[in-house]
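Following: one structure in structure tokens, then a few remarks.
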Amino acid sequence: MSVYGYRDGALHVESVPLHLLAGEYGTPLYVYSKRAIHDDIRRIEDAFADTPHLTYYAVKANANRALLRLIAGEGLGADVASRGELALALGAGFPPSKITFSGVGKRDDEIAYALEQEILAFNVESTEEIDVLNDIAGTLGKRGRILLRVNLDIDAGGHAYVSTSMRHNKFGMPWERAREILLWASGLTHIDVRGIHSHIGSQITKPSTFLHAAEAIAGVVRMLREGGVTVHDVDFGGGFGVQYHGFVQHPSLPHEEPEAHELSTAALIRPALPILRQLGCTLSIQPGRSIVAHGGVLLTRVLYRKVTQEKTFLIVDGAMTDLIRPSLYHAFHQIVPLAITSAPHEVVDVVGPVCESGDFFAHDRTIAQLHRGDHIALMCAGAYGFAQSSTYNARPRPAEVLVDGTTHAIIRPRETVEQL
């Protein structure tokens with residue numbers, strides 16, 4: 001059950017009215033729910049039951065230190081994509097034995113740092129990367145444990161920018177070459193081959209897509225074993241979708257059809273688990289979005305209402321610099337008022353103050369009529385929100401607040417002009 005909902009006409013997170021947070025901390029403002037993050041983690045872990053597995057939180061989704069400490073405290077591991085993310089994960093309490101390093105372009109200093117920290121494994125993307133890892137590990141007197149990322153050539157749907165497992169994408173190596181590459185890597189002095197890794201895309205909402213990926217992974221594992229490659233670990237990646245449409249319900253809100261009846265990592269991966277269990281490997285997944293997206297919202301205030309012959313614009317104090325997903329991917333975020341009123345619904349464009357036509361949160365969206373000074377919430381903004389923020393137009397980044405029951409606290413102060 002969502003921790004976000006209306007009580008007496010006011011939108012709450014846990015036991016706190018969001019309008020109080022907007023008033024106390026200002027806008028634009030990111031707000032997160034501790035309980036929502038905890039609940040999403042528990043649902044993921046419960047889905048595996050007694051299946052041996054590791055869940056690595058994809059740090060790129062949201063790297064706030066307080067949230068990282070919260071997630072590490074739940075016993076999860078971390079998947080990182082840079083030296084900075086690795087340092088943040090270690091500082092938050094993720095043990096090196098539960099950290100993997102992904103990404104197509106790991107620098108030499110990043111590889112050395114990760115080896116020195118003795119992380120669990122590198123998800124490698126090319127033969128040259130394996131060669132470099134072997135050389136650096138040899139210099140440091142270490143061994144680099146690897147999982148080869150295989151490109152399964154699966155179309156996971158969605159925006160082209162979040163496609164990661166088609167032949168034309170930059171990620172992974174063709175699955176047909178996995179045996180050749182891993183047999184070669186097994187002969188390197190400072191490499192320990194552990195298995196394979198896959199990641200087929202992002203915001204995937206159909207269990208059948210993950211079932212298809214599991215069948216493909218199982219075929220690759222069988223091929224490898226028949227070809228003399230020992231496979232200990234299978235990292236099934238992430239990409240588990242979340243409910244962006246109709247997340248908050250109220251009779252006074254415009255109806256939005258949810259992406260699926262039940263949209264959670266547990267529901268998405270459950271059909272694939274019987275196939276993956278049969279492999280006899282240590283199984284791992286890398287959810288990021290599905291751990292923090294539902295737990296976060298972006299609050300913003302209406303600056304101006306502008307009516308032209310063609311459009312009605314709501315100009316708000318939030319911008320693409322705070323939440324770029326709508327501009328970058330045409331991604332959808334439900335937009336709801338912090339207070340339910342009897343105002344009629346209307347079709348508007350919700351736009352920001354940045355000097356770009358691409359600075360928008362929604363085009364032709366039906367919402368209750370709003371005016372200067374009213375506040376709205378962009379729901380499910382906990383993932384890839386602040387993490388992708390910028391200071392374009394010399395706009396300081398927003399503050400972040402964590403709610404726990406009836407209490408709330410700043411977990412990242414609002415950036416100041418002096419810090420730009």
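The values are calculated or read from the model by the stated rules, or taken from the named source; none is laboratory data. Quick caveat, the model's predicted, so the values are computed rather than measured. Every residue, glycine among them, receives a Cβ derived from its backbone with ideal geometry; neighbour counts consider all protein chains shown.
Check Leu120, Leu115, Leu147 and return the single one that is touching a His at 6+ places or on another chain (Cβ under 7 Å), under 19 Å from Ala89 (Cβ atoms) and surrounded by 17 or more Cβ atoms within 10 Å (Cβ to Cβ). Spell out how you get there, then give the answer.
Details: Leu120 fails: touching a His at 6+ places or on another chain (Cβ under 7 Å); Leu115 fails: touching a His at 6+ places or on another chain (Cβ under 7 Å).
From the options Leu120, Leu115, Leu147, the qualifying one is Leu147.
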From (1) in contact with a helix residue (DSSP H, G or I) (Cβ under 7 Å, 6 or more places away or on another chain); (2) without any contact (Cβ under 8 Å) to a residue 40 or more places away in the chain; (3) not in a loop (DSSP other than H, G, I, E, B), pick out the condition that doesn't hold for Glu346.
(1)
Against the condition under 19 Å from the mean Cα position of the chain (by Cα) and within 13 Å of Leu378 (Cα to Cα), how does Tyr4 come out, does it pass?
no
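Can you name the strands (runs of 3 or more DSSP E) wholly within segment 231-332 that have at least 1 residues being among the small types (Gly, Ala, Ser) and either in contact with a Cys (Cβ under 6 Å, 6 or more places away or on another chain) or under 30 Å from Asp192 (Cβ atoms) (or both)? Give the steps one after another, and end with the answer.
Details: elements: 233-235, 282-285, 296-307, 312-316.
Correct list: 282-285.
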Under 6 Å between Cβ atoms, at least 6 apart or on separate chains: pull out the pairs that start in segment 199-221 with a residue that is at pLDDT below 90 and end on any residue that is part of a loop (DSSP other than H, G, I, E, B) and of a type in the set (Val, Ile, Thr).
His199/Thr164; Ile200/Ile154; Gly201/Thr164; Ala213/Ile154; Ala213/Ile200
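Take Ser252 and tell me if it is over 18 Å from Gln203 (Cβ atoms), buried (at least 21 other Cβ atoms within 10 Å of the Cβ) and not assigned by TED's automatic domain parsing to the domain that holds Phe386. Even if it seems obvious, please write down each step before you answer.
Numbers: over 18 Å from Gln203 (Cβ atoms): yes; buried (at least 21 other Cβ atoms within 10 Å of the Cβ): no; not assigned by TED's automatic domain parsing to the domain that holds Phe386: yes.
Criteria not met by Ser252.
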Considering only segment 64-74, I want to know if a residue exists there that is in contact (Cβ under 8 Å) with a residue 12 or more places away in the chain, small (Gly, Ala, Ser), in a strand (DSSP E or B) and in contact with a Leu (Cβ under 7 Å, 6 or more places away or on another chain).
no
How many residues of segment 216-246 are among the aromatic types (Phe, Trp, Tyr) and out of contact with any strand residue (DSSP E or B) (no Cβ under 7 Å at 6 or more places or on another chain)? The answer is 1
First in segment 97-120 and within 14 Å of Gln286 (Cβ to Cβ) and in the same structural domain as Leu148 (by TED's automatic domain parsing), second anywhere and assigned to a strand (DSSP E or B) and hydroxyl-bearing (Ser, Thr, Tyr), Cβ under 6 Å, 6 or more apart
Thr100/Tyr56; Leu120/Thr100
Segment 82-98, subset among the hydrophobic types (A, V, I, L, M, F, W, C) and in a helix (DSSP H, G or I), residue surrounded by the fewest Cβ atoms within 10 Å (Cβ to Cβ):
Ala87
If we scan segment 179-190, do we find a residue that is more than 22 Å from Val124 (Cα to Cα) and of a type in the set (Asp, Glu)?
no
